[in-house]
Amino acid sequence: MTRKAPASVRTTCPYCGTGCGVLAGASRDGDVVIAGDPAHAANSGRLCVKGAALGETFGLEGRLLYPEIHGARASWDQTLDLIAARFSQTIETYGPDSVALYVSGQFLTEDYYIANKLMKGFIGSGNIDTNSRLCMASSVAGHKRAFGSDTVPNTYEDLENADLLILTGSNLAWCHPVLYQRVAAAKAARPDMKIVNIDPRRTATSEIADLQLSLAPGADVALFNGLLRYLAHVGSIDASYVQRHTSGVAEAVAATHVWTEEAVARQTGLSIDEVSRFYDLFARTPKTVTVYSQGVNQSSAGVDKVNAIINCHLLTGRIGKPGAGPFSVTGQPNAMGGREVGGLANQLACHMDLDNPLHRQHVQEFWKAPAVADRPGLKAVDLFHAIGDGRIKAVWIMGTNPVDSLPDADAVRSALADCPFVVVSDVMRATDTTALAHVLLPARAWGEKDGTVTNSERRISRQRAFRTAPGQAMPDWWALAGVAQRMGFADAFNHKEPDEIFSEYAAMSGFKNAGSRDFDISGLAGLDRAAYNALEPVQWPVVKSSEDTSAQKRFFADGRFYTPDQRGRFIATPYRAPDASATTGHPFILNTGRIRDQWHTMTRTGTAPRLSQHIAEPFVEIHPLDAKALGVSAADILNVENQRGGILARALVTNRQRRGSVFAPIHWTDQFASNARVDALVAPVVDPLSGQPELKYSAVKVSLWPAAWFGFAVAIRRPKNIGAGYWALAPIAGGWRIELAGLSAPRNWLAFAHSILAGGDDLDIAEFCDAATGQRSYVASKDGETTGVLILGPGPVEAARDWLCAQFRKADRISLLAGRPGGERRNPGRQICACFNVGVVTIGDAIAAERCQTVEAVGRATQAGTGCGSCIPEIARLILQTGVSTHHAGVSLAS
Ligand SMILES: Nc1nc2c(c(=O)[nH]1)N[C@H]1C(S)=C(S)[C@@H](COP(=O)(O)OP(=O)(O)OC[C@H]3O[C@@H](n4cnc5c(=O)[nH]c(N)nc54)[C@H](O)[C@@H]3O)O[C@H]1N2
Ligand SMILES: Nc1nc2c(c(=O)[nH]1)N[C@H]1C(S)=C(S)[C@@H](COP(=O)(O)OP(=O)(O)OC[C@H]3O[C@@H](n4cnc5c(=O)[nH]c(N)nc54)[C@H](O)[C@@H]3O)O[C@H]1N2
Ligand code: SF4
Ligand SMILES: [Mo]
């Protein structure tokens, strides 16, 4: 028996920007225990399902454990020597802009600081960009236009204290679940609080909204311009604030004159009544917070969307006040830290600007740097274009998976394939990006590494190691510093531990600052190792002489901005339609985003069985009328394509989707599915100011993939080569589940069953064919133990998937061949509650038979929703829907 380790190390969740505190412990045999940290201000002990399942992501299977050069194991010395030599030679021959770093908002601040220092201060190029370009760049640019600095003025408490909370382009229920739960609790305590959700499709977040505005994709600027016009017209203005603390109001308001409610309704596809209700609510509610995320940022008008929102807050003086302000929520655990540290190609460290000569001088002086970059580097999309056309000849990719996450992803793949020198630092051996690396470096994963991250409300928290790193995994900052030393910069990169880096960084934030820059944590400079290790979560600014930091918890209520005249700036934001309007050949708009239980390219969450039960395969949400017109039924396979690429995914027919739009999740890669990398479809169109790509609006063609057969399998081994045009794999306890479909039948079904179930072993396979339904079943066994089940049919397989996953090793052969439990036992159905493993059928039964009419009643009857609470919005929806469908195909229930 394993001895349970005490969950005693205080650390921070490595997933979303909510930044929850986690208590973690590891026993000697690697067993990891996880709990929410009750003392952390972000979550007060709560965790969502991804955080709660962190303990399941520590298996060594798939980890990258040793450095490799051209696929052969090498020592750290050899690899760091090679990288330094290749970077130095390339710079010598082609200049500093011929090399690049592409890093990540999942970096720790210390990693980021070293990467940025090396590239911008010592190599002397701006060519370091980060996946935050795909995530936060429009918010950064919008903040800088309005505030003169990249500042999030408010705090999480303000979401709870608002009388009106507007969520736009944010699926908070699934993407910031603990923050969402705080909001839900606040609304339960104060039912008068109103919530408006602005999103082209209905999501789990819509369940909490008093008003759902399913606007036409890309129409946000029209909606908020109309709001500004309305506020000006009805006189809902904080005239004294506007007059004393802002500039540009007349121009901004003038630019909105065309946006009458009628015009807004036409452009957004909303009814005039919906528009008026929203405007009226805003006008009469002083305590308003507007939360925005990727539906705003990831757009060719992303920066204008941000400023159109901020304009309305400036006009009403609702900024930086308790319960009032614009609030950009960050995606990755250290998206905010990366912005502070200057990880973007057009920034310097500590909120200093590349285009400000004085700031460049400060940086040069502080770092004693030989060559501070004097112009911005290439932004992510352009950076990969430059790799593709040979301008960049050596690139080091760290903590991100661009072959899956950048637009025009197939072009990114071929750019890397042609690049003379590609280094990838990752925690996993096999990703779609590591496949193209000449040099691989094993990074320490969460729980093994030490440093700091900053969450959406500017709170800096420690990530602390609580287990020994496996193999030769090393921290990313250490690898970067190792290369810097070998490139001849030993003095500037002699840090031995992360606390030394942090202390240097904190000192830099105060260097020649004197209140001129918002980001100042000089109060934390000079922390010794013990103090750094004991650092409590703290919100910036933390200035040296600060007695009372709570006084500075919010920015801008006092009207002092970081623009040259210290006024907040209104920005005129004329509406621009998205670029890739649907064309005759490509009549659908593809929207993309996240699901509740997976994280990005699934390299970590994809290893946890608990997190694969909610949704186990790639899907495409499509409106019922569009599906009908295409001859598509629930659970068919859809082919989504355009001139750049294509994907195959399961049809999720739902009226939560708009007509003419489809939505696909970003998570599935070649590691988990036959063909589901959505970014292969996305055009590399970017916002002209931020360079952030339009990831939510691509023109595509959608058609039925005419599968001749469908299959579902569970097996204890992961099959190697799957001879099916469509497949998707997900881990289950003790094995794998596999969805399958093909355009034509394999020549020999039994041989096919062997290839899926046998994994090279010599097994007994029992076969059963039902002539009436055309269904075939295979049960594989070895020494009397069941090792796998395969069910095939001419249409989508209606097996009891969750029962099969849980029971296939124990159940009797007759039930297995039938694909469902025998006798009276009910199949629990697709899992909704991951904490207590409660399925949709069980919840539906409780609602119908036991007349549970509230989430609490369902919880009492079934336990569902009483754990982490991530599934509560879905339970609420099931209560609203009478006659719950229990179709069993992977994702056939609307999610
Ligand atoms: N479970 C989970 N949580 C995550 C992540 C994850 O991978 N999984 N990733 C984290 C990261 S890095 C990020 S950046 C955040 C992202 O968090 P969110 O931004 O909340 O998530 P998305 O699903 O990308 O997009 C949000 C919504 O924008 C809507 N949208 C699309 N087009 C428009 C439009 O034109 N206007 C408006 N108003 N809305 C539109 C989409 O329909 C979608 O529902 O999530 C973080 N949290
Ligand atoms: N179409 C479309 N595309 C999108 C988005 C969208 O909404 N739609 N969202 C965009 C956004 S907001 C984001 S943030 C990106 C995310 O996209 P990516 O950053 O590409 O996704 P991840 O899967 O998080 O990649 C992180 C990689 O780092 C590895 N890793 C984990 N920990 C460490 C570590 O400590 N060190 C190192 N060196 N490696 C580590 C992981 O194994 C993984 O391979 O996707 C973007 N792409
Ligand atoms: S909400 Fe969930 S994923 Fe986000 S930080 Fe908290 S526990 Fe982690
Ligand atoms: Mo993100």
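The values are calculated or read from the model by the stated rules, or taken from the named source; none is laboratory data. Please read all numbers here as calculations on a predicted model, not as lab measurements. Because the Cβ atoms are built from the backbone with ideal geometry, glycine has one as well, and the counts that use them run over all protein chains shown. Heads up: the accessible areas ignore ligands, DNA and RNA and are worked out on the full protein's heavy atoms, side chains in. Shrake-Rupley method; radii C 1.70, N 1.55, O 1.52, S 1.80 Å.
Brief remarks follow.
- Of the accessible area of the chain, computed with a 1.4 Å probe over protein heavy atoms only, carbon and sulfur atoms account for 51 percent.
- The magnitude of the dipole of the chain, with charges of +1 and -1 set on the Cβ of Lys/Arg and Asp/Glu and taken from the Cα centre, is near 840 debye.
- Distant alpha-carbon pairs in the range 314-360 (separation over 17 angstrom), percent: 54
- Cleavage-rule hits (GluC sites (Glu not before Pro)) in the range 79-173: DSSP loop, at most 14 neighbouring Cβ within 10 angstrom: none
- Length added when fully stretched, ASP389-ALA185, from 0.36 nm per residue minus Cα-Cα: 68.2 nm
- Taking the centroid of alpha carbons for each part, the range 605-671 and the range 158-188 are 27 Å apart.
- Here the Kirkwood formula puts the hydrodynamic radius of the range 750-817 at 12.3 Å, using every distinct Cα pair.
- Mean accessible surface per residue for the range 59-212, computed with a 1.4 Å probe while every protein chain stays in place, in Å²: 27
- Positive-end residue, the chain charge dipole about Cα centroid, Cβ charges, pick of ASN161, THR854, LEU524: THR854
- For ALA635, the shell of other residues with beta-carbons less than 14 Å away shows a net charge of -2, using +1 for Lys and Arg and -1 for Asp and Glu.
- Computed extension length for TRP76-LEU743: 235.4 nm, one decimal, from 0.36 nm per residue of separation with the Cα-Cα distance subtracted.
- Trypsin sites (Lys or Arg not before Pro) restricted to the range 1-105 and DSSP loop, no more than 14 other C-beta within 10 Å: ARG3, LYS4, ARG28
- Mean Cα-pair separation over length for the chain, i.e. relative contact order, pairs under 8 Å, 6 or more apart, %: 14
- Using the Cβ-Cβ distance between ASP418 and LEU211 with R0 set to 60 Å, the FRET efficiency from 1/(1 + (r/R0)^6) comes to roughly 0.75.
- Positive minus negative residues near ARG801 (Lys, Arg vs Asp, Glu; Cβ under 12 Å): -1
- Whole-Å distance, taken between Cα centres, linking the range 365-384 and the range 35-69: 33
- For SER8 and ARG429, the FRET efficiency from 1/(1 + (r/R0)^6), where r spans their Cβ atoms and R0 equals 51 Å, is about 0.95.
- When the P(r) is computed for the range 670-749, the part past 21 Å accounts for 48% of the Cα-Cα pairs.
- Cα-based Rg / Dmax (Å) for the range 261-320: 12.6, 33
- Modelled FRET efficiency - R0 30 Å, GLN243 with GLN364, Cβ distances, 0.05 increments: 0.15
- Put a dot 7 Å past the Cα of ARG813, heading toward its Cβ, do the same for GLN89, and the two dots end up 6.3 nm apart.
- Label positions at ASN533 and ILE272, each projected 7 Å from the Cα along the C-beta direction, are separated by 6.9 nm.
- Based on the reciprocal of the average 1/r between different C-alpha atoms, the Kirkwood radius for the chain equals 28.1 Å.
- Debye intensity ratio I(q)/I(0), log10, the range 70-109, q values 0.19, 0.24 Å⁻¹ (C-alpha model): -0.77, -0.89
- With Rh defined as the Kirkwood radius, the inverse of the mean 1/r over Cα pairs, the Rg/Rh of the range 193-237 is 1.06.
- The trypsin sites (Lys or Arg not before Pro) found in the range 621-700 that occupy coil by DSSP, while having at most 13 further C-beta atoms within 10 Å, are ARG659.
- Accessible area in square angstrom per residue, the range 464-581, 1.4 angstrom probe: 45
- Nearest-20 debye value, the range 670-764 charge dipole, Cβ charges on Lys, Arg, Asp, Glu: 120
- Full-extension gain in nm, LEU625 to ASP558, via 0.36 nm per residue minus C-alpha separation: 18.9 nm
- Taking 7 Å steps out from each Cα toward its Cβ at ASP29 and ASN721 produces label points 3.9 nm apart.
- The range 693-807 - convex hull of alpha carbons, volume per residue in Å³: 143
- Among beta bridges that DSSP assigns inside the chain, antiparallel share in %, nearest 5: 60
- Dipole of the range 452-539 computed with +1 at Lys/Arg Cβ and -1 at Asp/Glu Cβ about the Cα centre; of ALA469, LEU535, MET487, farthest Cα towards the positive end is ALA469.
- For SER744, solvent-accessible area (1.4 Å; no DNA, RNA or ligand), Å²: 80
- The magnitude of the dipole of the range 359-484, with charges of +1 and -1 set on the Cβ of Lys/Arg and Asp/Glu and taken from the Cα centre, is near 560 debye.
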